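Any read-out appearing in this document is the output of simple, stated calculations on the displayed coordinates, not a laboratory observation. What you see is a predicted model, and the numbers here were worked out from it, not measured in a lab. Neighbour counts are summed over all protein chains in view; Cβ atoms, including those assigned to glycine, are modelled from backbone coordinates with ideal geometry.
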Amino acid sequence: MDGDGYIEPAEYAAMLTAVGIAAETALAGFTRLDTDHDGRVSAAELIAGVARLFLSQDPADHGTAMLGHA
């Protein structure tokens, strides 16, 4: 959101708290989206998370990780 091509934890939390999701829940989701554990979410990581959220046919898949839910 600052134009650097990555989403930082505070940016992700601000985005989700704006729609009523608790910051703690948002940050849990951020941690799961940050698959390379570099402290930021790339476009590729975000796209993969969105794909899991909307496209997974596996009921055990944690597609809701974007929102911090297991």
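Side notes on the structure shown:
- The set of residues in segment 9-34 that are in a loop (DSSP other than H, G, I, E, B) and within 10 Å of the chain's Cα centre (by Cα) contains only 34.
- Identity of the residue in segment 21-42, among the aliphatic types (A, V, I, L, M) and touching a strand residue (DSSP E or B) at 6+ places or on another chain (Cβ under 8 Å), that ends up farthest from residue 7 (Cα to Cα): 33
- When segment 35-45 is filtered for residues that are part of a helix (DSSP H, G or I) and buried (at least 16 other Cβ atoms within 10 Å of the Cβ), only 45 remains.
- Matching residues in segment 8-30 - criterion: being polar (S, T, N, Q) and without any contact (Cβ under 8 Å) to a residue 24 or more places away in the chain: 17
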